[in-house]
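Asks: Quick one: this structure, given as structure tokens, is what I'll be asking you about.
Computed from the coordinates by the stated procedures, all read-outs in this text should not be read as laboratory data. Note that the structure is a prediction, hence the values are computed from the model and not measured. Cβ placement follows ideal geometry from the backbone for every residue including glycine, while neighbour counts extend to all protein chains displayed.
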Amino acid sequence: MTDTRRRVKVYTLNEDRQWDDRGTGHVSSGYVERLKGTSLLVRAESDGSLLLESKINPNTAYQKQQDTLIVWSEAENYDLALSFQEKAGCDEIWEKIFSLSASLLWSCDLCVFVLCQLSSVYVWLSP
């Protein structure tokens, strides 16, 4: 029996503001030395190739939409989305993103951050 909890489709937003399907795979998180941080990794279910490698960044505004969608921007005009087959998988990855981002922010000795929860969008503001 295949675990469908972390099965996702990866989407990128194109120049026409339409979502392009980049493939279906399984998402995990892990430390990536090259990126020097914990990252979201999606491996294609067809051949195991890497569909997504995205470092979790505390300065990124991740959004959880509906029950099965996580959306964020990596750079100017580069939006990404993970669409989960199951709500449980989305909740699990959302919690990892949130807890890692919060721990990275709270470990800063020189800064004071305020955490505000606005529906399903988490934003960190510096004074």
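Asks: Once phi is turned into θ = phi - 60°, what whole-Hz ³J(HN,Hα) does the Karplus curve with 6.51, -1.76 and 1.60 give for every residue of the stretch 71-81, x standing for Gly and Pro?
Replies: 10, 7, 10, 8, 7, 3, 6, 9, 9, 10, 8
Asks: Rounded to the nearest 0.05, what FRET efficiency do L100 and D21 have when you use their Cβ-Cβ distance and R0 = 35 Å?
Replies: The value I calculate is 0.85.
Asks: Projecting each Cα onto the charge dipole of the stretch 20-82 (Lys/Arg +1, Asp/Glu -1 at the beta carbon, about the Cα centre), which of T38, W72, T24 comes out farthest on the positive side?
Replies: T38
Asks: Select from the stretch 1-82 those trypsin sites (Lys or Arg not before Pro) which occupy a DSSP coil region and have at most 12 other Cβ atoms within 10 Å, ordered by residue number.
Replies: The qualifying sites are R17, K36.
Asks: For the stretch 2-85, run through the GluC sites (Glu not before Pro) and keep only the ones in DSSP coil with at most 10 other Cβ atoms within 10 Å of their Cβ.
Replies: Of the GluC sites (Glu not before Pro), the ones in loops of the stretch 2-85 whose Cβ has at most 10 other Cβ atoms within 10 Å are E15, E76.
Asks: So, with +1 on the Cβ of K and R and -1 on the Cβ of D and E, and no other charges, what is the size of the charge dipole of the stretch 46-90 about its Cα centre, to the nearest 20 debye? Can you show the working numbers first?
Replies: Numbers: 3 positive and 7 negative charges, 39 e Å.
For this selection, approximately 180 debye.
Asks: Straight-line reach from K9: which aspartates and glutamates have Cα under 13 Å away, leaving out those fewer than 8 places along the same chain?
Replies: Straight-line reach from K9, under 13 Å: D20, D21, E45, E86.
Asks: Same structure again: Aspartates and glutamates within cross-link reach of K87: Cα-Cα under 18 Å, excluding same-chain residues under 8 positions apart?
Replies: Straight-line reach from K87, under 18 Å: D3, D67, E95.
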